[in-house]
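We did not get these values from a lab; they are worked out from the coordinates using the rules stated. Only a predicted model underlies this, so the values are computations on that prediction, with no experimental measurement involved. All Cβ positions, even for glycine, are placed from backbone atoms using ideal geometry, and neighbour counts span all protein chains on display.
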Amino acid sequence: MLKIYSDAAVSQQQKCAGAGLVVSGEHLHEQLSFPLPGILDNHLAELHAFHLALRWVIDNERTTEWAVFHTDSQLVAQSVEKGHIKKEAYTSIFELILSSLSMLQLYEITWIPEKDNKGADNLAKQAIANQLKKRRKK
């Protein structure tokens, strides 16, 4: 069984966002941090973070394993459960999410409180910090 925690962070002041993933399973523990360029909406960033979690499973050819996704975004958890998202600005990434989910054999999506998602949250903030360091070097 795979456990994948995803989270996103957005800094309106610094105009950047990041995503973090914690992936664990038998003999597996990965911590991943991704910049999310051009995204300043937290809900949109959370959707992208969740899509990155799905892509990790697909890209690592783990689609036949039971994957449990943990998110602290109620929007992500509820929209995926319903198979629908209301806001038009989110539909393109949501369609990618649904397409990616169709490639998985067994999965579960669980909403968790923010306090239980600190690892992914720290990685998302790390992605922002790394982007800021790169800006300062220019």
Tally time: how many residues in the stretch 79-96 are surrounded by fewer than 20 Cβ atoms within 10 Å (Cβ to Cβ) and within 30 Å of residue 26 (Cβ to Cβ)? 2
Could you tell me which residue of the stretch 97-134 is surrounded by the fewest Cβ atoms within 10 Å (Cβ to Cβ), considering only residues that are under 15 Å from residue 8 (Cβ atoms) and in contact with a His (Cβ under 6 Å, 6 or more places away or on another chain)? 112
Of the residues in the stretch 47-67, those that are assigned to a strand (DSSP E or B) and crowded, with 16+ Cβ neighbours inside 10 Å number 1
Selection over the stretch 82-138 where residues are touching a Cys at 6+ places or on another chain (Cβ under 6 Å) and either among the aromatic types (Phe, Trp, Tyr) or within 15 Å of residue 21 (Cα to Cα) (or both) yields a count of 1
